[in-house]
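**Q** Please find one structure pasted underneath; my questions will follow.
The values are calculated or read from the model by the stated rules, or taken from the named source; none is laboratory data. Since we're looking at a predicted model, the values are computed, not measured. Counting neighbours? That spans all protein chains shown, and the Cβs are built from the backbone with ideal geometry, glycine included. Ligands, DNA and RNA are stripped out before the accessible areas are found, and what is left, the full protein with its side chains, is counted by its heavy atoms. Shrake-Rupley method; radii C 1.70, N 1.55, O 1.52, S 1.80 Å.
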Amino acid sequence: MKEILNPYKILNQNKISAFVLTGTLLLTACAAPKVSDKLTAAKLPEQFDAKRTSDTSKPFIPLQTETYFKDPKLEQLLKKAVAQNPDYLIMQERILIANSHLKVAKMALLPSLDLAADLSGTHYGKYTMDGVGNYDTNFSQNITEKQRINEDVTPNLFLGGKVSWEADIWGKLSNRKKAAQQRFFASQQGMRLLQTRLLSDIADLYFKLIALDKQAAIYDNNLKTQERALEIVSAQRSVGKATELAVQQFNAQNNNIHAEASELKLSIDQTEKALLTLLGQYGGTVERSSDFLAGHLEVLNQKISVDSIIHKRPDVSEAYFELLASNADAKSARAAFFPTVNLGGYAGFNSFSFNTIFDAGSFAWQILGGLTAPVFNKGQIKQEYYVSNRKQEISFLQYQNAVTTAYNELSALLHRNEAFEEVLKYKTNEIDHLEIAVNVSNDLYLSGYANYLEIINAQKNKLQAELDFVDIQLKNANSQVLLYKALGGGIN
């Protein structure tokens, strides 16, 4: 007697199956490790420890490259570098690559749809299940002529679409998308960082060229003074008022200055070539100003918010976005411990005959659903999670280091800009006094109250003081460039 199916028994079986499935999911969720949430950055001070008093009524205005540097010739070089520098152009291509990764990560949340056209032909053996089934089917009186199967070569034709979709229940795919998005933002900040460094390097070389030009002019003027002194000593030797030793000392001094001037010209050529390389052009000359033009130092008189300034820096922003990306990676790796729900299906025309492929009776469809839970995978999931969690720790330490470096760097630069103002003032007074000393030594020598060594020392001291003054001017200009970098560069 045929057993009658009990609907209550079937219902209880379904409840048991659902309970087992739910229990499996809960056990899997409990077994998954947690993502570290103890990453807390040290609190920033509320203000920099600089002596300069700023006007707190003026909010800080972000820098603009176009207005920070006051030298129009330098501004032209900076624009040229952004348009031509190979490293900067390479970084632009990498930005496009990062953007494409972001688009792919966004699409991963959507179902995938494939159009398929499959064709195959199979010859089944007489003693196989399919071969016997096809042979027996052809003798059935329940089929029409169109339903008869070709037994020599049995075709299998399919034309339609196939769809599959992974349900993002645990956030694995959405966290991958978030990681790609944050890395895209990080790459944008990386491009800002590269631009800031590029423009700063060009400004440094440009100011170095100006300094070398000024020092070359100082050597030229000093040589003229030395030659006049040599003429005087030579004339006095001819009438017995000076010795041959004095003449030779002045000659040696002149040759030393000529040698230093020639070496300086070599430095000018080398620096100019380095700057042209950054501009991405072959040879030529760099048009430049004859003196240092003051930078945008009024920025120091504004109210500087430590937190906002530090986090506007591209290096800090890049590290921050990389930290967010690594956190999303860790969450995505944790989601791999949970079961995966896959849905899919297909719809289209499926037939074993070319003549019936587009008949209504050949239309077929299927709905698929699957649940996959990892049980044993040789520790691969745990390894990936462990690595992603450690990378998150590394990203946090790099972010903290970037913040600390940024604060101390900017604090030191504020002190440095204040100090150079004093140094330049004292160096200017020194040169004025040495100028008088040179004139006095010449007069005293002609009057017989000074010897030639005092003239040589006075001229040497004046030359060194003028060269030192230019060096201080260069350091001051470099300090303004460093301030430009420390405040985040030009924010575009």
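**Q** What ranking do 398-411, 105-118 get when scored by the average of other Cβ atoms within 10 Å per residue, highest first?
**A** 398-411, 105-118
**Q** Kirkwood Rh over alpha-carbon pairs of segment 147-306, then Stokes-Einstein at 10 °C and 1.306 mPa s: what D in µm² s⁻¹, rounded to an integer?
**A** 66 µm²/s
**Q** Measure of size requested: the Rg and Dmax of segment 370-422, with Cα atoms as the atom set and Å as the unit; please supply both.
**A** Gyration radius and largest Cα-Cα distance of segment 370-422: 22.9, 76 Å.
**Q** Could you order K79, K485 by accessible surface area, starting with the largest, using a probe radius of 1.4 Å?
**A** The ranking, largest first, comes out as K79, K485.
**Q** If you don't mind, another one. Could you estimate the translational diffusion coefficient of segment 377-486 from the Stokes-Einstein equation, with Rh from the Kirkwood formula over C-alpha pairs, at 10 °C and 1.306 mPa s, in whole µm²/s?
**A** This corresponds to a translational diffusion coefficient of 84 µm²/s.
**Q** Here are some pairs, K214/K485; K70/K425; K106/K172; K70/K427; which of them have Cα atoms lying more than 19 Å apart in this structure?
**A** From the list (K214/K485; K70/K425; K106/K172; K70/K427), the Cα-Cα distance tops 19 Å for K214/K485; K70/K425; K70/K427.
**Q** In addition: Suppose all protein chains stay in the model; what accessible area per residue would a 1.4 Å probe give for segment 193-323, in Å²?
**A** Heavy-atom accessible area per residue stands at 49 Å².
**Q** Can you list residues whose amide H is under 5 Å from Y124's amide H, if they're 5+ apart or on another chain and H is modeled 1.01 Å from N?
**A** When sequence neighbours closer than 5 places are left aside, the close amide H contacts are T154.
**Q** So, by mean Cβ neighbours within 10 angstrom, what's the order for 191-198, 434-441 with the highest one leading?
**A** Final packing ranking: 191-198, 434-441.
**Q** Further question: I'd like the accessible area for D291, computed on protein heavy atoms only with a 1.4 Å probe and all protein chains in place. Round to 10 Å², please.
**A** Its accessible surface works out to 60 Å², give or take rounding.
**Q** Sort D130, D468 from largest to smallest accessible area, using a 1.4 Å probe on the heavy atoms of the protein chains.
**A** Ranked list, largest accessible area first: D130, D468.
**Q** At what distance in angstrom do the alpha carbon centres of segment 137-191 and segment 457-492 lie from each other?
**A** 66 Å
**Q** Any number yet on Rg/Rh for segment 411-463, C-alpha, Kirkwood?
**A** 1.29
**Q** Ok, one more. Tell me, what ³J(HN,Hα) does each residue in segment 148-163 have, in order and in whole Hz, if you take phi through Karplus 6.51 cos²θ - 1.76 cosθ + 1.60 with θ = phi - 60° and put x for Gly and Pro?
**A** Karplus-based 3J(HN,Hα) across segment 148-163 equals 6, 9, 6, 8, 5, 10, 8, x, 9, 10, 9, 9, x, x, 10, 10 Hz.
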